[in-house]
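The values are calculated or read from the model by the stated rules, or taken from the named source; none is laboratory data. Everything numeric here is computed off the predicted structure, so don't read it as measured data. We place every Cβ from the backbone using ideal geometry, glycine too, and count neighbours over all the protein chains shown.
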């Protein structure tokens, strides 16, 4: 199991129109057995950017990616992680902290091109698809 960051969904969506954004699609092609999941936070960020819930790409992603809701473990991870990141002066923003907390709760890596940002998170395995 691997969790995708919002950048991954955005790049997949953009790859439909622009070959510059093929890295997300290339990663999926190179890892056909990968079980890619998304957190509720990632889905919310993606929908915010898309705006149109009736879009064909939204319908496609609904079918292709399992959505993981926030659990008690994820909430506890968020609280502890946010405190640590703030204490060290290296916060990453609340949404990204929730995304990292989800991957950590499932002991799964996070698929992103925002490597510099997410490598600040202690114990998080980061996969750079770019």
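Taking first residues from the stretch 52-68 that are touching a residue at least 24 places away in the same chain (Cβ under 8 Å) and partners that are in a loop (DSSP other than H, G, I, E, B), the Cβ contacts under 9 Å between residues at least 6 apart in sequence or on separate chains come to 57/16; 66/35; 68/106.
Just one of the listed residues (25, 12, 81) is within 16 Å of residue 95 (Cα to Cα) and either surrounded by 14 or more Cβ atoms within 10 Å (Cβ to Cβ) or modelled with pLDDT under 95 (or both), namely 81. Residues in the stretch 52-59 include none that are in contact with a strand residue (DSSP E or B) (Cβ under 8 Å, 6 or more places away or on another chain) and more than 22 Å from residue 130 (Cα to Cα). Checking the stretch 1-14 against the condition returns a match, with at least one residue being out of contact with any helix residue (DSSP H, G or I) (no Cβ under 7 Å at 6 or more places or on another chain) and assigned to a strand (DSSP E or B). Here is a list: 127, 92. Which entry is touching a strand residue (DSSP E or B) at 6+ places or on another chain (Cβ under 6 Å) and not in a helix (DSSP H, G or I)? Residue meeting the stated conditions: 127.
Criterion first (touching a residue at least 24 places away in the same chain (Cβ under 8 Å) and either assigned to a helix (DSSP H, G or I) or surrounded by fewer than 16 Cβ atoms within 10 Å (Cβ to Cβ) (or both)) does residue 38 satisfy it?
For residue 38, the condition - touching a residue at least 24 places away in the same chain (Cβ under 8 Å) and either assigned to a helix (DSSP H, G or I) or surrounded by fewer than 16 Cβ atoms within 10 Å (Cβ to Cβ) (or both) - is not met.
Under 9 Å by Cβ, and 6 or more places apart or on different chains, what pairs join a residue from the stretch 100-114 that is on the phi > 0 side of the Ramachandran plot with one that is modelled with pLDDT under 95? Pairs that qualify, where the first residue is on the phi > 0 side of the Ramachandran plot and the partner is modelled with pLDDT under 95: there are none. The single residue among 104, 111 that is under 18 Å from residue 40 (Cβ atoms), in contact with a helix residue (DSSP H, G or I) (Cβ under 8 Å, 6 or more places away or on another chain) and in a strand (DSSP E or B) turns out to be 111.
Per-residue answers, yes or no, for (1) modelled with pLDDT of 95 or more; (2) buried (at least 19 other Cβ atoms within 10 Å of the Cβ); (3) part of a helix (DSSP H, G or I):
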| position | (1), (2), (3) |
| --- | --- |
| 52 | no, no, no |
| 61 | yes, yes, yes |
| 67 | yes, no, no |
| 74 | yes, yes, yes |
| 86 | yes, no, yes |
| 97 | yes, yes, yes |
